[in-house]
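K.L.:
Below is the structure I would like to discuss, written out as structure tokens.
The values are calculated or read from the model by the stated rules, or taken from the named source; none is laboratory data. All figures in this text were calculated on a predicted structure; none of them were measured in a lab. Methodologically, a virtual Cβ is constructed for each residue, glycine included, from the backbone with ideal geometry; neighbour enumeration extends over all protein chains shown.
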Amino acid sequence: MESLHEYILAAINDIIIWWAWYLAEISFQLIISVISYIIVCVFLYFLLKKVDSTAWQLPGPPNRLLLVTAHPDDEVMFFGPMIYWIVQRNKSNIHLLCLSQELPDHPKIQWPEEVIAENVLQFIEMYKMDAVVTFDKHGVSRHKNHISLFYAIASLCIEKKVPTYCKLYTLESVNIFRKYTLIFDLPISLLSAPYWYLISYQQRYYIKNAMRAHSSQYLWFRQLYMIFSRYTLINTLHEVNLLDLELDLQFDDDDD
Ligand SMILES: [Zn+2]
């Protein structure tokens, strides 16, 4: 009995020693991996700052782009890098349609898709917009007003109401870890979306300045957001297409 007890203790001891050694080995590899990843991100950032990235921006470029947002500060908080480059390149006219003037501003209120869709379609046809950009189905922060915009655009696409000259794009929403990693989201961003806009820390000055124009909205937590959010440096976009939408909506139905 005594020997069995000793045997079990010795076995437990062995296991503890083995795990301690294994964790020490792994932690060293982990540190090396993290350092390598940081080096890759910094290298990519400096490389992409130097190269002409027009090839990865919205194709065309569009002549007239309609940016559909929910609130008056959305364009700065989420779409800054894209707007910066569109204005800088001076090849596209950018028009902003912000819907909270007509509809209630509340994170839990889903706006009526038909009303938004009709509004957007009217603008597309009236001004011959050849690109529309808005939020995706997660609306960056899962704000219901943002999400309504996606479903309005999706309904236009599904009902085949969008004129053939016009393409629809959505801003990719990222998870909370990616949202606050600034340039350390760069490798994942480049792999996750076909279109992207990157600005430098120096160019970000213009976006922060634009946010100051929304002085009533520029509370301490938004100031922190403007410092740490990856959306103030990187925008990644996807084109909306019918097949993806139908698959997506089918999965959503199955989930319900
Ligand atoms: Zn908003």
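K.L.:
Have a look at S192, S100 and point out the one that is polar (S, T, N, Q) and over 18 Å from V240 (Cα atoms).
P.N.:
Every option except S100 fails the conditions.
K.L.:
Counting just the residues of the range 134-150 that are touching a residue at least 40 places away in the same chain (Cβ under 8 Å) and over 12 Å from the mean Cα position of the chain (by Cα), which one comes out nearest to N235 (Cα to Cα)?
P.N.:
Only one residue fits best here, namely H146.
K.L.:
Listed residues S36, S53, S3, S27; which is touching a Leu at 6+ places or on another chain (Cβ under 8 Å) and surrounded by fewer than 16 Cβ atoms within 10 Å (Cβ to Cβ)?
P.N.:
S53
K.L.:
Right, next: Mind counting the residues in the range 126-170 that are out of contact with any strand residue (DSSP E or B) (no Cβ under 9 Å at 6 or more places or on another chain), among the basic types (K, R) and either within 16 Å of the ligand (Cβ to nearest atom) or at pLDDT 95 or above (or both)?
P.N.:
Residues that pass the stated criteria total 2.
K.L.:
Here's another thing I want to ask about it. Across the range 200-256, what is the number of residues that are of a type in the set (S, T, Y) and either touching a Phe, Trp or Tyr at 6+ places or on another chain (Cβ under 7 Å) or under 26 Å from V51 (Cβ atoms) (or both)?
P.N.:
If we filter the range 200-256 for residues that are of a type in the set (S, T, Y), which is where we start, we get 200-201, 205-206, 215-216, 218, 225, 229, 231-232, 236.
Restricting the remaining residues to those that are either touching a Phe, Trp or Tyr at 6+ places or on another chain (Cβ under 7 Å) or under 26 Å from V51 (Cβ atoms) (or both) gives 200-201, 205-206, 229, 231-232, 236.
Looking only at that region, the number is 8.
K.L.:
Taking the criterion of being within 24 Å of H95 (Cα to Cα), assigned to a helix (DSSP H, G or I), of a type outside the set (F, W, Y) and in contact with an Asp or Glu (Cβ under 8 Å, 6 or more places away or on another chain), would at least one residue in the range 128-147 satisfy it?
P.N.:
Yes, some residue in the range 128-147 is within 24 Å of H95 (Cα to Cα), assigned to a helix (DSSP H, G or I), of a type outside the set (F, W, Y) and in contact with an Asp or Glu (Cβ under 8 Å, 6 or more places away or on another chain).
K.L.:
Then there's this: Just checking, how many residues over the range 211-249 are free of Cβ contacts under 8 Å to residues at least 24 places away in the same chain and under 26 Å from A131 (Cα atoms)?
P.N.:
3
K.L.:
Looking at the range 197-256, which of its residues are crowded, with 16+ Cβ neighbours inside 10 Å and of a type in the set (A, V, I, L, M)?
P.N.:
Selection gives L198, I199, I207, A210, M211, M226, L233, I234, L237, V240, L245.
Matching residues to (1) outside the structural domain of Q203 (by the TED database); (2) assigned to a strand (DSSP E or B); (3) crowded, with 23+ Cβ neighbours inside 10 Å; (4) within 16 Å of the ligand (Cβ to nearest atom):
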position	(1), (2), (3), (4)
L66	no, yes, no, no
G80	no, no, yes, yes
W85	no, no, no, no
Q88	no, no, no, no
K91	no, no, no, no
L96	no, yes, no, yes
